[in-house]
Every structure is written in structure tokens, then in C-alpha cells.
Amino acid sequence: MYTMNYKSLFLMSICLGALALPACSHAPRPQEASRPEPVSADASLQRGEIPVLAGEWEYEEGGMVVPLRLDRFGDGSYDFKDGRFRTKVVLDHRWEGAWAQRENDREGGFEITLSSDFSEGDGRWWYTRIEGDTAPKKVGGRFHVMKVQSLVGNRLLPAEPASQ
């Protein structure tokens, strides 16, 4: 379930001035009955918008930087291994979701602790499947994300708050 209370969203939008708030390295997977894209535990629930995530982010891990492009639901793509990124929940400053990579047939989960202004965060990722192995023992890693541009009304704007 996608959760962010209205009070938090209102306070964020005030803090970020005029900006309306609309990793891992992963991309789309082929449609296969045996290996669907990662989805929330209850896909039948209507997805809520999380505008603070919309826009372009940089995912950095071990010196490698990969751009992420996210929509108002916190879902999107990245070029590394034809990756996809899907947000499951944002609650307070905790962001959780799933990723999938078509090129190397892997998927997993992630969790990120976001900064007070939602402009960056530190996270960890893990595998939930590697090819046919649905209980992989291979470990994941730690990463940092930083917002580069916000998406407002389908237009990219700099992620920096407006001057006061």
C-alpha cells in the first residue's frame, strides 16, 4: 500500500517553495507468466501518488552513478542492465520498493532512508531472484540516491528549493 499522510505532503510542499512535488540499477522485464515484474504485495489496491519522488535521481554505488527516471508513483527505469524501479511505500522518510533487470534476469528489493527535505537518501538493496533461483544467497549492497530534477506538471524542474 502506498502511504504518505496529507500533513507530511503539505509540509513538504511548503518547505520546497514553488515546487510541486511529483535504485538500484534496473529496467523492464519481458512479459512472462513465470516471472512477472515485481509488484506490491496487494496489486489490487489502487496505487497512490507520491509526487516527491517524481523526476530524475542519481543512484550511486561504489563510484558508479546511474540515472533513475521516476513518475509520480515513484516507478520508473534506469539504463543499467535495462532496469525497472517500483515504489511500494513511502512512510515518513522511509522508501521501500522493488527492482528488476531484464538484461541479467534479476530482481530484488530496496529500502531507503530519505533526508528531511526528501532530496537524497541512503539505502540498501537485495536479491529476491537471480534467473531461476528464487532464494538466492548472493548478497546485495548499499547505495546513495540524490534528486537531480523534479517533475512538475510533466515538466522537469531543478530539484533545488526555490529561494526565499
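Data for the structure
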quantity	calculated
Residue within the range 69-82 that is touching a strand residue (DSSP E or B) at 6+ places or on another chain (Cβ under 6 Å), at pLDDT 95 or above and farther than 17 Å from Pro51 by Cα present	no
Residue match in the range 102-110 (condition: more than 18 Å from Arg142 (Cα to Cα) and under 9 Å from the mean Cα position of the chain (by Cα))	no
Which listed residue, of Thr134, Thr87, Thr128, Thr113, is surrounded by fewer than 16 Cβ atoms within 10 Å (Cβ to Cβ), farther than 17 Å from Glu61 by Cβ and among the β-branched types (Val, Ile, Thr)	Thr134
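The values are calculated or read from the model by the stated rules, or taken from the named source; none is laboratory data. This is a predicted model, so every value here is computed, not measured. Every residue, glycine among them, receives a Cβ derived from its backbone with ideal geometry; neighbour counts consider all protein chains shown.
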